[in-house]
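Heads up: the structure comes next, in structure tokens.
What follows draws every value from the coordinates through simple rules; no lab data is involved. Just so you know, these numbers come straight off a predicted model, no measurement behind them. Note: ideal-geometry Cβ built from the backbone for every residue, glycine included; neighbour counts use all protein chains shown.
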Amino acid sequence: MNRKKVLCFSAVLTVMILSKLCITAKPESGKDPIKKVLLEQLDKDKKRKAMALSPEKEKEAYYSSITFANESVPLENPMVETKFERYLARFSFGKQQSYDLHKKAEKHLPKIAAILRSYGIPEDFKYVPLIESDMEPGVTSHKGAGGYWQFMPATARLYGLKVGNGVDERRDLIKSTHAAARYIKSLYDQFGDWTLAAAAYNVGGGSLKGSIRRQGVNNYYALKLNQETGAYVYKLLSVKQVIENPNKHGYKRYAQSQDKFQHINEQNLL
């Protein structure tokens, strides 16, 4: 009888010890999938908080990414920044209230970019026809410039286009883009600077050389130019930004999950 009591007591004690061990034992984190997921999420949250930027720093990070033809834009200069923001606002969705710009870009820019690349021209020049003609081949200026790239008749002929006798190849997107690429290349050869080449496309190489000579300055952002040429590169920069970063500038319909430039914690501008 006593032996049975001892065996019974031993069995109860064993169960109690095992229960205690089960309660106090902790599973290895590596073998607990739920705990592993929670730890990973906590780690991500810590990293996100560490990378968080103030609105001022977000703007600084965005602006430091802005270039034209792989050349820097001195947006740290208050005058340059103010002028850029003025034109950028004009091309924002809040001002345009239309997706026409993006529709035209989607249709034509891939073809233009491919031709420019074949000549070694930076892709940012693909935005020129959007500024020059709004991608409308029938547009003619009061001075006689026409077509997608707004060539003057003499310049068009010089770079291989037929103009006259019922023919106007300035209205042919492919042919006129080849001609524009040759022209832009020649302007770069003259100035050795893509930003100046863009300005010269607008005002003419001779006129820009005269401004540089008179002012002793060969930096577009420091030159005093006529109103149209002084705004020209700023317009190109602005169109580039709204096309490449549609969400940031209000064009939600064309927004991807992220704009081309998007900091991990950045809020969209609009």
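A few points about this structure:
- Computed label-point distance, nm, for sites K209 and E244 using a 7 Å Cα→Cβ extension: 3.1
- Taking label positions 7 Å along the Cα-Cβ direction at both N165 and A222, the computed distance is 5.0 nm, reported to one decimal.
- For the stretch 52-117 and the stretch 184-213, distance of Cα centres in Å: 22
- Residue pairs exceeding 18 angstrom between C-alpha atoms, taken from K126/K240; K57/K240; K103/K240; K95/K224: K57/K240; K95/K224.
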